[in-house]
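S.K.: Provided herewith is a single structure, encoded as structure tokens, for subsequent inquiry.
The values are calculated or read from the model by the stated rules, or taken from the named source; none is laboratory data. All figures in this text were calculated on a predicted structure; none of them were measured in a lab. Quick note on the areas: whole protein, heavy atoms, side chains included, nothing else; ligands and nucleic acids left out. Shrake-Rupley method; radii C 1.70, N 1.55, O 1.52, S 1.80 Å.
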Amino acid sequence: MFEWIAGAVGLAAAGVASYGAIAPGSELFGKTLHRLPDPKHLALTFDDGPNDPHTLNLLDVLAKHGVQATFFLIGKHVAARPEVARRVAAAGHVIGNHTFTHPNLAFCSEQRIRQELSDCKKVLRETIGEHSNLFRPPFGARRPAVLQIAREMGMMPVMWSVTCYDWKPTTAERVERNAARQISGGEIILLHDGGHVAFGADRAHTIAATERIIARYKSEEFSFVPLLG
């Protein structure tokens, strides 16, 4: 009986820990930015770039609608495609740190966490100069040490409140529907202009969905804003 109770308690504790490490809105392990204070504001955020040609096509869509977004760039991609990263910065979008190689930081040593963040910060500074202090953990995975180290390095951890599931093969219509089911106002929307494994991830559906989302919510008098950090 006591063994069963102990096992049940252990499973419950593991479930709580998993929720705290992965759930975008969880602050069990520390405060993160995952919503906006103004219910008439929405923030578009894009992970895993730069990724040509899709990042460049996305910049065209955002410019067409006069929208500023937030890009969380992977350091190794910036090193390989510095000209695309510079185009993002030149367009006035906010750029944040998404680590250098996109590992799951929940399973990394503290030394590796610091290295990933500092290497990405270094290549961003060398490529685009000064940039935001925003940091998004790959896969949204974090544990107390991840958030503590980020803050020690002067970074603000950023999560999201709307998941569009655009990182896998899908359609623009489905991406838009995923967003619409979750948007009520004040959301930080997670999208992807690149892929963490390699360049060339097809994000045409994300680009098309982004235009649909912008048109839909502008017509409902929402404003799209970049994150501040």
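S.K.: Accessible area per residue, 1.4 Å probe, Å², for the chain: what's the number? Present the calculation step by step, with values, prior to reporting the outcome.
M.R.: On the way: 10400 Å² over 229 residues.
Solvent-accessible surface per residue comes out at 45 Å².
S.K.: Determine the gain in length on full extension of the stretch residue 63-residue 80; use 0.36 nm per residue of separation and subtract their C-alpha separation, reporting nm with one decimal.
M.R.: Details: separation 17, 0.36 × 17 = 6.12 nm, distance 2.43 nm.
Full extension of this stretch gives 3.7 nm more.
S.K.: Using alpha-carbon pairs under 8 Å, 6+ residues apart, how would you state the relative contact order of the chain in percent?
M.R.: 30 percent
S.K.: Right, something else. Using all C-alpha to C-alpha distances in region 135-188, build P(r) with 5 Å bins and read off the rounded percent in each one.
M.R.: Spelled out per bin, shortest first, that is 4, 17, 22, 15, 17, 12, 9, 4, 0.
S.K.: Do me a favour and compute the ellipsoid semi-axes for region 163-229 from its Cα gyration tensor, root of five times each eigenvalue, largest one first, whole Å. Present the calculation step by step, with values, prior to reporting the outcome.
M.R.: Values: eigenvalues 91, 40, 21 Å².
Here the semi-axes work out to 21, 14, 10 Å.
S.K.: Quick check: Cα centre of region 152-229 to Cα centre of region 123-143, how many Å?
M.R.: If you average the Cα positions of each part, the centres end up 18 Å apart.
S.K.: What relative contact order, as a whole-number percentage, does region 139-189 give when Cα pairs under 8 Å and 6 or more residues apart are counted?
M.R.: 36 percent
S.K.: Of the heavy-atom accessible surface of the chain (probe 1.4 angstrom), what whole percent is carbon and sulfur?
M.R.: Details: 6010 of 10400 Å².
Whole-percent figure for carbon plus sulfur exposure: 58.
S.K.: At a Cα cut-off below 28 Å, give the lysines reachable from residue 122, other chains included and same-chain residues fewer than 8 away excluded.
M.R.: Output for residue 122: 31, 76.
S.K.: In square nanometres, what is one fourth of the surface area of the convex hull spanned by the alpha carbons of region 102-176? Could you put the intermediate results ahead of the total?
M.R.: Details: hull surface 24.9 nm².
Convex hull of Cα atoms, orientation-averaged projection: 6.2 nm².
S.K.: A follow-up question, please. Can you list the equivalent-ellipsoid semi-axes of region 76-122, largest first and in whole Å, using the square root of 5 times each Cα gyration tensor eigenvalue?
M.R.: Values: eigenvalues 114, 20, 13 Å².
One finds semi-axes of 24, 10, 8 Å for region 76-122.
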